[in-house]
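All remarks here apply to the structure that follows.
The values are calculated or read from the model by the stated rules, or taken from the named source; none is laboratory data. Source: prediction; values computed, not measured. Neighbour counts are summed over all protein chains in view; Cβ atoms, including those assigned to glycine, are modelled from backbone coordinates with ideal geometry. Ligands, DNA and RNA are excluded from the accessible area calculation, which covers all protein heavy atoms including side chains. Shrake-Rupley method; radii C 1.70, N 1.55, O 1.52, S 1.80 Å.
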Amino acid sequence: MKILVVGSGGREHAIAWKLDRSPVVDELLAAPGNAGTARIASNVDVDAEDLDGLLRVAKEHGVDLTVVGPETPLAAGIADRFRAEGCAIFGPGREAARIESSKLFAKRLMLDSGVPTSEARAFTSFREAAEYVRGLPLPVVVKADGLAAGKGVVVADTRDEAVAALHERLEAKMFGPAGETVLVEECLVGREVSVFAFVDGEHVSPMVAACDYKRAGDGDTGPNTGGMGSFTPPSFWDGELERRVRTEIMEPVAAALADRGTPYSGVLYAGIMVTKEGPRVYEINCRFGDPETQVILPRLKTDLAEVMMCVARGGLQDARVDWGQEAAVGVVVASGGYPGSYDTGYPIDGMSSVKGAAIFHSGTRADERGRVLTNGGRVLTLVSVGPSVDEARRLVYENTARIGFERSFYRTDVAAVA
Ligand code: AMP
Ligand code: GLY
């Protein structure tokens with residue numbers, strides 16, 4: 001098989017790395033990829049949002065399956081375009097991808113299907129929204145309806161903060177059309193977990209859970225980022241919780257999308273708060289998480305290419321999806337200043353001294369001499385696997401300390417409390 005991976009982050013490097021281990025994969029392409037994917041795939045210089053360009057690459061190279069990493073091309077309808085041309089693709093069509101591209105759509109779908117989630121009300125008028133938050137208990141969550149690259153959510157501890165967030169979205173239009181509708185949500189309290197399942201339109205595979213660290217600084221301080229680290233499995237993830245997430249969340253969401261005539265095909269990602277009353281959804285995404293993918297894929301025992309092909313074609317009920325019992329911990333090494341402004345182009349030192357950890361590249365590029373340079377905010381994710389979270393944690397931090405570049409930083413408390 002020839003597989004094209006769309007995207008350029010650590011998630012896509014991890015997907016390509018897993019596919020590279022498959023006996024049925026002969027050739028990998030990445031568009032646009034990074035310095036890490038370049039070692040196992042041919043990078044093609046086509047942007048992840050250039051749907052025409054990607055379709056051309058798939059046809060010209062005789063690609064058997066295209067795997068989409070990020071949400072933006074899915075929300076733009078890449079899967080519908082490919083399927084209309086008879087090209088197999090891993091990822092949902094535009095309508096099903098609305099579970100991520102419109103938080104209002106997702107909320108209505110969940111409430112209509114009885115899926116446990118936070119209470120929410122939608123507004124397009126700043127005045128009405130501001131009046132509404134004055135009467136609410138704190139903290140309160142304000143969200144832009146559309147895609148905002150992970151920056152659309154504010155958990156406001158004060159009413160002034162909530163009103164300011166409403167103003168940014170509805171009046172100042174800081175998020176453009178994505179912020180023309182906002183959701184004002186109840187703030188859920190509990191432990192956060194990201195849960196993933198493959199869905200082929202009808203069937204939901206065995207799930208896997210990971211925790212993500214969204215704030216830039218140790219102790220969950222500082223601004224929100226794309227994710228600074230992850231580990232799997234969480235200690236609180238047990239058989240009962242798994243059963244409830246499957247029957248109360250994953251299966252009803254997949255069934256609701258199928259009932260609407262827009263079946264979901266791809267990987268379904270539920271952001272769940274484990275509250276006193278049980279699991280409740282705070283967000284749903286239409287793709288793998290980053291950096292969760294870097295820690296969960298090392299635990300997948302089954303051939304990823306075969307699973308993805310089954311999802312793309314249907315027939316997941318006959319495929320095995322086995323997740324191993326081991327633990328994995330991932331630490332993101334980022335550029336000083338991220339998630340604000342930062343400089344790039346610095347050489348990365350110490351990569352050859354890493355032993356016992358995989359290095360997944362995010363923002364990297366190679367110069368003419370083949371040296372790896374920083375090229376983004378999140379630069380690398382180091383991942384170690386071990387018999388326990390503690391053991392994997394020890395190994396990954398031993399290795400993270402060996403890597404560095406000008407102004408690099410990482411969190412030191414990933415998986416400190418599992
Ligand atoms: P998102 O950008 O949707 O991933 O949300 C960013 C973060 O906001 C999540 O990781 C949660 O920590 C938090 N969050 C979002 N919605 C809620 C909610 N309803 N209650 C509590 N926390 C939330
Ligand atoms: N790790 C968070 C995300 O991928 O959205």
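Show me the helices (runs of 4 or more DSSP H) entirely contained within the range 80-193 in which 2 or more residues are within 23 Å of the chain's Cα centre (by Cα).
94-101, 103-112
Examine the range 298-306 for a residue that is out of contact with any Gly (no Cβ under 6 Å at 6 or more places or on another chain), surrounded by fewer than 22 Cβ atoms within 10 Å (Cβ to Cβ) and in a loop (DSSP other than H, G, I, E, B), and state whether such a residue exists.
yes
Evaluate the following for A305: is it modelled with pLDDT under 95 and in contact with a helix residue (DSSP H, G or I) (Cβ under 7 Å, 6 or more places away or on another chain)?
Against the criterion (modelled with pLDDT under 95 and in contact with a helix residue (DSSP H, G or I) (Cβ under 7 Å, 6 or more places away or on another chain)), A305 does not qualify.
Going through the range 255-267 one residue at a time, which ones are open to solvent by less than 20 Å² (accessible area, probe 1.4 Å) and outside any helix (DSSP H, G or I)?
Listed by number, the residues that qualify are Y264, S265, G266, V267.
Got a sec? Which of R287, R369 is closer than 22 Å to A48 by Cα and not polar (S, T, N, Q)?
From the options R287, R369, the qualifying one is R287.
If you scan the range 116-137, which residues turn out to be open to solvent by 20 Å² or more (accessible area, probe 1.4 Å) and either in contact (Cβ under 8 Å) with a residue 24 or more places away in the chain or of a type in the set (S, T, Y) (or both)?
Once the filter is applied, which keeps residues that are open to solvent by 20 Å² or more (accessible area, probe 1.4 Å) and either in contact (Cβ under 8 Å) with a residue 24 or more places away in the chain or of a type in the set (S, T, Y) (or both), the range 116-137 yields P116, E119, A120, R121, A122, T124, S125, F126, Y132, R134, L136.
How many residues are within 11 Å of ligand 1 (Cβ to nearest atom) and crowded, with 20+ Cβ neighbours inside 10 Å if we restrict to the range 189-213?
5
Can you spot a residue in the range 268-287 that is open to solvent by 10 Å² or more (accessible area, probe 1.4 Å), over 22 Å from V68 (Cβ atoms) and in a loop (DSSP other than H, G, I, E, B)?
Within the range 268-287, one or more residues are open to solvent by 10 Å² or more (accessible area, probe 1.4 Å), over 22 Å from V68 (Cβ atoms) and in a loop (DSSP other than H, G, I, E, B).
Looking at the structure I just gave you, is G226 touching a residue at least 40 places away in the same chain (Cβ under 8 Å), touching a Pro at 6+ places or on another chain (Cβ under 9 Å), closer than 27 Å to Y338 by Cβ and in a loop (DSSP other than H, G, I, E, B)?
yes
Among (1) open to solvent by less than 30 Å² (accessible area, probe 1.4 Å); (2) within 21 Å of E119 (Cβ to Cβ); (3) more than 15 Å from ligand 2 (Cβ to nearest atom), there is one condition G152 misses while meeting the rest; what is its number?
Failed condition: (3).
Please verify whether the range 359-373 includes one or more residues that are within 19 Å of the chain's Cα centre (by Cα), farther than 21 Å from T225 by Cα and surrounded by fewer than 23 Cβ atoms within 10 Å (Cβ to Cβ).
No, that holds for no residue.
Just to verify a result, which residue in the range 102-115, among those that are open to solvent by 30 Å² or more (accessible area, probe 1.4 Å) and in contact (Cβ under 8 Å) with a residue 24 or more places away in the chain, is nearest to ligand 2 (Cβ to nearest atom)?
The residue in question is K103.
Cβ-Cβ below 7 Å, separation at least six or inter-chain, first residue in the range 372-397 and touching a residue at least 40 places away in the same chain (Cβ under 8 Å), second part of a loop (DSSP other than H, G, I, E, B) and polar (S, T, N, Q): which pairs?
Close Cβ pairs satisfying both conditions: N375/T344; G376/T344; G376/S362; R378/S362; V379/S362; L380/S362; T381/S362.
Restricting attention to the range 342-354, does a residue exist that is in contact (Cβ under 8 Å) with a residue 60 or more places away in the chain, exposed (fewer than 15 other Cβ atoms within 10 Å of the Cβ) and more than 15 Å from ligand 2 (Cβ to nearest atom)?
Among the residues of the range 342-354, at least one is in contact (Cβ under 8 Å) with a residue 60 or more places away in the chain, exposed (fewer than 15 other Cβ atoms within 10 Å of the Cβ) and more than 15 Å from ligand 2 (Cβ to nearest atom), which makes the answer yes.
Is it the case that some residue within the range 75-87 is buried (at least 19 other Cβ atoms within 10 Å of the Cβ) and farther than 22 Å from V267 by Cβ?
no
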